[in-house]
Amino acid sequence: NDSVSVYKAAHAIKSMSANIGAEKVREISSRVESAGKGESLLEIVDLVPLLSDAFSEFIDELTVLM
């Protein structure tokens, strides 16, 4: 229920994912960041599983490349 903390965490995730090329993670974390800024907690609840899935996909892709 703390949209400010969600906003800050999503901003950090967005920045870090952009730096490592995790584009899908960056895109979804940007949406979470916007939802946190707008205090749209219901949207955040819907986006968090998508963000988790995108992160897992990125890790799987990275593992294959290594």
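Just so you know, all these numbers are worked out from the coordinates, no wet-lab data involved. Quick caveat, the model's predicted, so the values are computed rather than measured. In this analysis, Cβ positions are derived from the backbone assuming ideal geometry, glycine residues included, and neighbour counts consider all displayed protein chains.
The equivalent ellipsoid of the chain has semi-axes of 23, 12, 7 Å, largest first, where each one is the square root of 5 times an eigenvalue of the Cα gyration tensor. A helix-only calculation puts the chain at -30000 deg cm²/dmol for mean residue ellipticity at 222 nm, using -39500 (n - 2.57) for each DSSP H run of at least four residues, averaged over all residues. Can you figure out the FRET efficiency of Asp2 with Ser34, using R₀ = 22 Å and their beta-carbon distance, to the nearest 0.05? Efficiency computed from Cβ-Cβ geometry: 0.85. Counting other C-beta atoms within 10 Å, and keeping those with at most 16, which DSSP coil GluC sites (Glu not before Pro) do you find in the chain? The qualifying sites are Glu39.
In a simple Cβ point-charge model (Lys, Arg +1; Asp, Glu -1; nothing else charged), the chain has a dipole of about 260 debye relative to its Cα centre. A simple spin-label model places pseudo-atoms 7 Å from Cα toward Cβ; at Asp53 and Ala18 they are separated by 2.5 nm.
With respect to the chain, whose longest principal axis is taken over its alpha-carbon atoms, helix 23-37 is tilted by about 10°. Between Leu42 and Leu62, the contour length at 0.36 nm per residue exceeds the Cα-Cα span by 4.1 nm.
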